[in-house]
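The values are calculated or read from the model by the stated rules, or taken from the named source; none is laboratory data. Values in this document were obtained by computation on a predicted structure and should not be read as measured data. Note that we place each Cβ from the backbone using ideal geometry, even for glycine, and neighbour counts take in every protein chain shown.
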Amino acid sequence: MENLLEVKGLRTEFMTEEGPACAVDNVSFVIGKGETVGLVGESGCGKSVTALSIMRLISDPPGRITAGSVLLDGRDLLALSPKEMRGVRGNDISIVFQEPLSSLNPVFTCGEQIREAISLHQGLGRKDSRAKAVEMLRLVRIPDPEKRYSDYPHQMSGGMRQRVMIAMALSCQPRLLIADEPSTALDVSVQAQIMELLLDLREEMEMSVLLITHDLSVVAQMVERVMVMYAGVIVEDASVSDLFSRPEHPYTEGLMASIPRLDVDVERLDVIPGRVPDPLRMPAGCRFSDRCPKRIDRCLLEEPPMFDTGGGHLARCWLSAPTP
Amino acid sequence: MVGYFIRRFLQSLLLIWIVLTITFFLMHLAPGDPMARYDHPDISPETVRMMREQLGLDRPVLEQYFRWAGSFVTGDFGTSLRYNRPVGELLKVAIPNTLRLTVASLFLYMVIGIMLGMVSAARRYSVFDRMTTVISLFLYSVPSFWLALMLILFFSLKLGVLPSSHIQSLDVSGLSGLQLFADRISHLILPAFVLGVASAAGLARYMRGSMIDVLKEDYIRTARAKGLPEGRVLMKHAFRNAAIPIVTIMGLSLPFLLGGAVIVEKIFSWPGMGGLMVDAIYTRDYPVVLAINFVVAVMVILGNLLADTGYALLDPRIRSGRRGR
Amino acid sequence: MKDENRNNDSLRNDSLNDDSLKDKSLINESLIGGTSLWSSGWSRFRRNRAGMAGAVIVLCLYMIALLAPVISPCDPVQHGDLPAMRHNPPSVAHPLGTDKFGRDVMSRVFYGSRISLTVSLLAVVIAVVIGALVGAVAGYSGGIVDAVIMRTVDALMAIPRIFLLLTCIALFSRSILLIIVLLGATSWMGTARLVRGQILSLRNKDFIIAAESLGAGSRRIIFRHLLPNTMTVMIISATLRIGGIILIEAALSFLGLGVPPPTASWGQMVFEGRDVLLGAWWISTFPGIAIIATVIGYNLLGEGLKESFDPVQFS
C-alpha cells in the first residue's frame, strides 16, 4: 500500500508559566492510501494536538511545532507557506471536531458554512456551490436538505450538527479525513449512526481516515490499524487483530482490561491506577513507568525506543525488546 | 422576532412615560411655588399670572399632570421664558443640529472604536495593542472640554486650518453647493472628533475583549480548518459574532454622546440642544430645560430600541425566538 | 426529537453551571470573607503593576491636597501685582505661570485638588449609599416593588447625567454642598443595579433562609446579612465611578455651574484660560492635566482592585 501521510519525529510544545511543556514528542507514523487508522489514548495524551499539528492549527502562541515533518504525498506540510497550507486545509485534509455544538458558527446558516468551503477551494459561483452544498447535506443523510440548508446551527439537534460538520469536511473530497472524537459529545444512539455514516462515506469516497478516540471498543469495529498514545508519545502501533490478540505494551493491556465486555463475566472493570504524568515533569525513563505493573529497573532509567515485534507490530517497551 | 420587537417597543413606551412623569416631578420638586423663581423686577405680576395659567399651576396637581403630559406627548412644550417663543420652534432648529453632530460623532465612534479594537485583538500584546491601550486610557480620562480647547489651540489658533466655532462660516452667500458642504464639514471635524473619539476609546476596549473571546471559540478553529484566509476568518466569522454585544454597547453609549454634546456644543458655539440647554440653565428657562430633558431621553430610549433590533437581526438565535446559550 | 430534548437539557445545565460559578465566586469573595481570601486579593493587587501605579497616583494627590498650604509657593486667591504679574509664562518663581489676576497657577492647581478630591469622594459615598439601599430594597422585595424601582432606574439612566444635573442645579440655588449632593444623587443608578443583582443571587442562600425562619425582620436581613456581603463589589464599583464624577464636576465648573468662586476648582481654571488660549496656554493646560492624572489614577486603581479581588463579577 502506498503511503498518503507520513509523520516523522513530530514535536509540539506549549509555553506555560513554568516553561515549555511538550504535548507531542517524537511522534512518527504513516497512513496508507485508503487506510483507516485509529489513534487511541486517554484525554490529554496528545491525540488532538497531533491532529491539529498535522493541520497546522496549533495556536501560536502558546503552541509551536518545534521539530519533525508531515509529508502528504511526499510534500512537507510544515515547510509550506501559510497561503499554500490554506490550500491544503479543507481541501486535501479535513477535520471533524468533537463538539458539534460549538464548532459551527452560530450566526451563519449550516448550508452557508458548507458552501463557503466549496466556493473557496473549487472556485464555484454562488449558485453552483450552493447546489453542491445541498448535495453534501443529502450525502450525509440529512432529510429535506434543500430546506435544512437555511437552518442555523441552533435549530438542529446534536447529531444533525455533526452531520453538517462531516458534510463540510467532505465537501472538497479530501484525501485524508481526521475525525477527532466525532461521536463522543453525542447521545449513545446517535453515536452509532454517526460512526456508521463515517464508515460508509469512507468507502464511497475512497479516502484515508485518522480516527481519534479514547474508546478502544469503537476502534475495533472501525479501523484497520491502531496507534496507542500515552503522554505525548506513541507506545504501540499494530493492526487491529494483532493488537487485540497480543497487546505488547502494558498500557495497551490496561486500556483493554478497562473495556466492559459482555461475553466475559467480570466482577469489576480494571482501571489503570495512577495518573497521566505532568508534561512539565516527565519521568526520566519510560513515561508509563510510574503506573506500570510490569516495570523493571531499566524502565526508570532509559526511555525505550520503538521495537518491531514482527509483522509491523511496533511497541515502545523494554519488555518487547528482541532478545539478543 | 415580531413578538420580541413588540415587547421591546412596549417597554420603550413605558420608559418614556416614566421619564415624562419624572420630568413633571422635577418641576414640582423644587421648594415652594415654581413660579416664585420668576419673582423678578423685569417680569410683571401680570406675566407671572399668565404663565401660571398657561402652565396650569392654578389647578389640582393630578389635573396638571394629565394636561401637561398630554401637551408634551403632542409636541407642545410650552413657551420659552427667555425668547418668548414656543419651545417647539426652538427645538425644531436645535434638534437637527445636534443630530448632525451626534451622528457624525457616532460614525467616528463606531469606525474608530471597532477598527482599533479588532486590530488590537488580532495583534494581541503587539506594540500597536499596547499603544492603543495607553491611548484609550488617556482618552477615557480626558475631560472633553479640555481636549476641545487643546485642539482649538493647535488646529485653529496655531495652525489656522480648522474653524473653532459655529456650524458654518458667517458669510456663506457666495459659496456654491459643494463649497458650502466643505465649509460645513470643516466646521464639523473638531467637535465631532472631540465627541466621538473620546468615547471610541471605551468601545475599542469592549471590541478588543469581545473579539478575543470570540477568537477562542471552536467555530473559529473550524473556519481556519476549512482553509479560509485569516482576513476572512476575522472579518466574517469573528466579526459577526463579536459585533453582537457591541451593538448593545453602542446603544448604551448614546446618553454619553448626547451628554457630551452639551459641553462640546457650548465650546464650539454649536447651535444645538446642548447649547440651548446650558443657556436655559443660566436664565432658568424652565420649559426649555424640561422639554430638552424629555426629548433627549426619548432619543436615548429610541436609540436603545434600535440597538436591540440590530442585536436581534445580527443574532439568529434571538431572531428565531429561541435564546441560545 | 429525543436529541432535541437532550440539547435543551444541556442548555439548562449550562445556565445552572453559570449560576453556581457565580455563587462560588461570591462565597470566595465575600461570604466567608476570611483573612486568607482578603490577603490573597491584596497580594494579587500588589503584583498588579497598573493598579499599584493608580494607588500611588491617588495617594500622591491626597498628599498634595493635604499639604497644599505647605507646598504651594503662593496664595491661591490673593491677586498679584497687576499688570506686571498678569499672564506670566512659566518661570522659576511661577513654575506653571500666572493667570489674569496674577495668581500662581501651580498654587491654584494644588488647592484645586482639594475640591476635586473632596467633592468626588463625598459624592461617590452618597451615590453608593443610595444605590445600595435602592438596590437592596428592590432585590429583596422583588415583585411589583422591584419592577417599579428598576424601571425608574432605567428611565433615569436614559436621561444623560449632565442633563439631569443641570436641571437640578437650575431648580436650586448653587452651593458646594448642593453640588456634592446632586452629583451623588445622579450617580447611584449603576450601583443600584449591581447591588440588586448581588442581592438576588444571595437571596436564596441557606443562611438568609435560616435568618428568615428565625424571624429576623426584613430590615435586619438587609442590613445585617445582605448588604455586608456586597461590600467588595460596592467598594470596587465606587472606585471605578469616582473618575466619572471628577470629570462631570469639572465639566460643571467649566460651564460656570459648579462650585461657586472664588474657590479654585480645576474645571473653572480651564474655563478662565479659555479666552487667552493662544497668549497664555498654561492657564488652561495645567489644570486639565491635573484632572487627567486624577481620573487615570482612580481608573487604574479601580481596574486593579477589580482584577485582584473580584475577577468574575465584573466580567
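For the stretch B:221-238, name all the residues that are out of contact with any Leu (no Cβ under 9 Å at 6 or more places or on another chain) and buried (at least 20 other Cβ atoms within 10 Å of the Cβ).
B:223
Quick check, is residue C:264 part of a helix (DSSP H, G or I), closer than 28 Å to residue B:164 by Cβ, touching a Pro at 6+ places or on another chain (Cβ under 7 Å) and in contact (Cβ under 8 Å) with a residue 24 or more places away in the chain?
Taking the combined requirement at face value, the residue does not satisfy it.
Residues in the stretch C:49-97 that are loosely packed, with under 14 Cβ neighbours inside 10 Å and farther than 18 Å from residue C:108 by Cα: how many?
Selection size over the stretch C:49-97: 5.
Conditions (1) farther than 27 Å from residue B:314 by Cβ; (2) within 14 Å of chain B (Cβ to nearest Cβ), marked per residue:
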{"position": "A:61", "(1), (2)": "yes, yes"}
{"position": "A:67", "(1), (2)": "yes, no"}
{"position": "A:71", "(1), (2)": "yes, no"}
{"position": "A:87", "(1), (2)": "yes, yes"}
{"position": "A:96", "(1), (2)": "yes, yes"}
{"position": "A:107", "(1), (2)": "no, yes"}
{"position": "A:111", "(1), (2)": "no, yes"}
{"position": "A:138", "(1), (2)": "yes, no"}
{"position": "A:141", "(1), (2)": "yes, no"}
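If the requirement is being within 27 Å of residue B:282 (Cα to Cα), surrounded by fewer than 21 Cβ atoms within 10 Å (Cβ to Cβ) and either at the interface with chain B (Cβ under 10 Å from one of its Cβ atoms) or over 20 Å from the mean Cα position of the chain (by Cα) (or both), which of these qualifies: C:287, C:262?
C:262
Whether any residue in the stretch C:123-141 is assigned by TED's automatic domain parsing to the domain that holds residue C:188, at pLDDT 85 or above and more than 24 Å from residue C:221 (Cα to Cα) is what I want to check.
Among the residues of the stretch C:123-141, at least one is assigned by TED's automatic domain parsing to the domain that holds residue C:188, at pLDDT 85 or above and more than 24 Å from residue C:221 (Cα to Cα), which makes the answer yes.
Mind listing just one residue for me: the one in the stretch C:147-194 that is of a type in the set (D, E, K, R) and more than 7 Å from chain B (Cβ to nearest Cβ) and, of those, surrounded by the most Cβ atoms within 10 Å (Cβ to Cβ)?
Once the filter is applied, the top-ranked residue is C:193.
Of everything in the stretch B:154-179, what is within 10 Å of chain C (Cβ to nearest Cβ), closer than 23 Å to residue B:275 by Cα and surrounded by fewer than 19 Cβ atoms within 10 Å (Cβ to Cβ)? Give them in sequence order.
Within the stretch B:154-179, B:156, B:157 qualify.
Being within 22 Å of residue A:4 (Cβ to Cβ) and within 11 Å of another protein chain (Cβ to nearest Cβ) is the filter here, so list the residues in the stretch A:166-200 that pass it.
Matches in the stretch A:166-200: A:168, A:169, A:171, A:172, A:174, A:178, A:180.
Which condition breaks for residue B:222 when tested against (1) polar (S, T, N, Q); (2) within 30 Å of residue B:123 (Cβ to Cβ); (3) touching a residue at least 12 places away in the same chain (Cβ under 8 Å)?
(3)
Residues that are over 14 Å from residue C:257 (Cα atoms) and free of Cβ contacts under 8 Å to residues at least 40 places away in the same chain: find the helices (runs of 4 or more DSSP H) completely inside the stretch C:110-188 holding 1 or more of those.
Working: elements: C:143-158, C:161-171, C:176-185.
By residue number, C:143-158.
I'm trying to understand the selection: among the residues of the stretch C:112-139, which are touching an Asp or Glu at 6+ places or on another chain (Cβ under 9 Å) and surrounded by fewer than 23 Cβ atoms within 10 Å (Cβ to Cβ)?
The one that is touching an Asp or Glu at 6+ places or on another chain (Cβ under 9 Å) and surrounded by fewer than 23 Cβ atoms within 10 Å (Cβ to Cβ): C:137.
Can you pull out the residues in the stretch A:201-216 that are part of a helix (DSSP H, G or I), under 21 Å from residue A:4 (Cα atoms) and of a type in the set (A, V, I, L, M)?
A:201, A:205
Of the residues C:179, C:208, only one is under 30 Å from residue C:261 (Cα atoms) and among the aliphatic types (A, V, I, L, M); which? Break it down into steps so the answer makes sense when it comes.
Working: C:208 fails: under 30 Å from residue C:261 (Cα atoms).
Answer to the check: C:179.
Table: residues versus (1) of a type in the set (Lys, Arg); (2) surrounded by 20 or more Cβ atoms within 10 Å (Cβ to Cβ); (3) within 23 Å of residue B:193 (Cβ to Cβ); (4) facing chain C (nearest Cβ under 9 Å).
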{"position": "B:243", "(1), (2), (3), (4)": "no, yes, no, no"}
{"position": "B:255", "(1), (2), (3), (4)": "no, yes, yes, yes"}
{"position": "B:282", "(1), (2), (3), (4)": "no, no, no, yes"}
{"position": "B:288", "(1), (2), (3), (4)": "no, yes, no, no"}
{"position": "B:302", "(1), (2), (3), (4)": "no, no, no, no"}
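Only one of C:6, C:46 is modelled with pLDDT of 70 or more and either surrounded by fewer than 13 Cβ atoms within 10 Å (Cβ to Cβ) or part of a helix (DSSP H, G or I) (or both). Can you tell me which? Break it down stepwise before answering.
Values: C:6 fails: modelled with pLDDT of 70 or more.
That would be C:46, the only listed residue that is modelled with pLDDT of 70 or more and either surrounded by fewer than 13 Cβ atoms within 10 Å (Cβ to Cβ) or part of a helix (DSSP H, G or I) (or both).
Looking at residue C:247 and the list (1) more than 10 Å from chain B (Cβ to nearest Cβ); (2) of a type in the set (A, V, I, L, M, F, W, C); (3) part of a helix (DSSP H, G or I), which single condition is not satisfied?
In the conditions (1) more than 10 Å from chain B (Cβ to nearest Cβ); (2) of a type in the set (A, V, I, L, M, F, W, C); (3) part of a helix (DSSP H, G or I), residue C:247 misses (1) alone.
Failed condition for residue C:79, given (1) touching a residue at least 60 places away in the same chain (Cβ under 8 Å); (2) in a loop (DSSP other than H, G, I, E, B), with all others met?
All conditions pass for residue C:79, except number (1).
Return the only residue of A:143, A:106, A:100 being of a type outside the set (Asp, Glu) and modelled with pLDDT under 85.
A:100
Go through the stretch B:142-153 and give me each residue that's under 19 Å from the mean Cα position of the chain (by Cα), in a helix (DSSP H, G or I) and either over 20 Å from residue B:262 (Cα atoms) or within 9 Å of another protein chain (Cβ to nearest Cβ) (or both).
B:144, B:145, B:147
Since residue C:230 meets every condition but one in (1) assigned to a helix (DSSP H, G or I); (2) within 17 Å of residue C:114 (Cα to Cα); (3) not aliphatic (A, V, I, L, M), which condition does it not meet?
Only one criterion in (1) assigned to a helix (DSSP H, G or I); (2) within 17 Å of residue C:114 (Cα to Cα); (3) not aliphatic (A, V, I, L, M) is unmet by residue C:230, namely (2).
Filter the stretch A:71-86 for residues that are more than 19 Å from residue A:172 (Cβ to Cβ) and surrounded by 11 or more Cβ atoms within 10 Å (Cβ to Cβ) and give the result.
Across the stretch A:71-86, the qualifying residues are A:71, A:76, A:78, A:79.
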